[in-house]
1. Quick one: in the range 135-150, of everything that is touching a residue at least 24 places away in the same chain (Cβ under 8 Å) and under 17 Å from LEU5 (Cα atoms), which residue is surrounded by the fewest Cβ atoms within 10 Å (Cβ to Cβ)?
2. Name the residues in the range 1-51 that are in a helix (DSSP H, G or I) and more than 22 Å from GLU101 (Cα to Cα), would you?
3. Residues of the range 11-58 being open to solvent by 20 Å² or more (accessible area, probe 1.4 Å), within 23 Å of ALA72 (Cα to Cα) and charged (D, E, K, R), which ones?
4. Taking the conditions exactly as written (open to solvent by 10 Å² or more (accessible area, probe 1.4 Å), closer than 23 Å to SER43 by Cβ, modelled with pLDDT of 95 or more and in contact with a strand residue (DSSP E or B) (Cβ under 8 Å, 6 or more places away or on another chain)), does TYR96 satisfy them or not?
5. Determine whether the range 42-50 contains at least one residue that is under 19 Å from ASN131 (Cα atoms), under 15 Å from the mean Cα position of the chain (by Cα) and touching a residue at least 40 places away in the same chain (Cβ under 8 Å).
6. If you go through the range 68-83 one residue at a time, how many are open to solvent by 30 Å² or more (accessible area, probe 1.4 Å), part of a helix (DSSP H, G or I) and among the charged types (D, E, K, R)?
7. Might you check whether a residue that is of a type in the set (S, T, N, Q), in contact with an Asp or Glu (Cβ under 8 Å, 6 or more places away or on another chain) and in contact (Cβ under 8 Å) with a residue 12 or more places away in the chain occurs anywhere in the range 121-134?
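The values are calculated or read from the model by the stated rules, or taken from the named source; none is laboratory data. Computed from a predicted structure; not experimentally measured. Cβ sites come from the backbone with ideal geometry, for glycine too, and all protein chains shown count toward neighbours. The protein model used for the area step is the full one, side chains on, heavy atoms only, and it has no ligands, DNA or RNA in it. Shrake-Rupley method; radii C 1.70, N 1.55, O 1.52, S 1.80 Å.
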Amino acid sequence: MERKLIDVSKHQGTIDWSKVKGNVDGVIIRCGYGSDIVSQDDSQFKSNAEGCIANEIPFGVYLYSYAKTIDAAKSEAAHVLRLVEPYKDKLSYPVYLDLEESGTESGAVERALVFGEIIEASGYTCGIYANQNWWQNYLKDRLNRFTKWVARYSTKKPEGISGTYDIWQY
């Protein structure tokens, strides 16, 4: 079944969610980036989550990862959990870890596993976001236990991705 989802962050500014309602099947909202530091919360996260709830738009969240160590991955998981706790019963889509930061490729799988285990142990579904290149060259089949969100900015569906993917961003 195809669904139309959008992903949003502070970069879209203030969104009129009443205009979005009925035009999408769901939203993946950036809650923040990096470690569990308040200054790294997405400044529009709460507004976006509340807008989705008020307009009955299903949503999930993602955190942009800068982690280069296991401790940083743990801090990123804590960051997400701090922000999504008020919305635990409102999430319709997973908590995604966004892996695309240059310089974090080495060890990304191990850090993603730590992040995912913490998120799942807290009662959430965890997913991994990466572009086709990351899936093919760095992540491969080692994160198949998580739902996948694959970016391939083309009219052609992602190729060379092990297992299945749930979201194709194009």
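1. Across the range 135-150, the extreme among qualifying residues is THR147.
2. Keep residues of the range 1-51 that are in a helix (DSSP H, G or I), which gives 10-12, 17-20, 38-40, 45-51.
Once the filter is applied, which keeps residues that are in a helix (DSSP H, G or I) and more than 22 Å from GLU101 (Cα to Cα), the range 1-51 yields TRP17, SER18, LYS19, VAL20, LYS46, SER47, ASN48, ALA49, GLU50, GLY51.
3. ARG30, ASP36, ASP41
4. No: the conditions fail for TYR96.
5. First, pick out the residues of the range 42-50 that are under 19 Å from ASN131 (Cα atoms): none.
No, the conditions are met nowhere in the range 42-50.
6. Residues that pass the stated criteria total 3.
7. yes
To keep it simple, each residue is scored yes or no on (1) among the hydroxyl-bearing types (Ser, Thr, Tyr); (2) part of a strand (DSSP E or B).
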residue: TYR66; (1), (2): yes, no
residue: GLU85; (1), (2): no, no
residue: ILE118; (1), (2): no, no
residue: ILE128; (1), (2): no, yes
residue: TRP168; (1), (2): no, yes
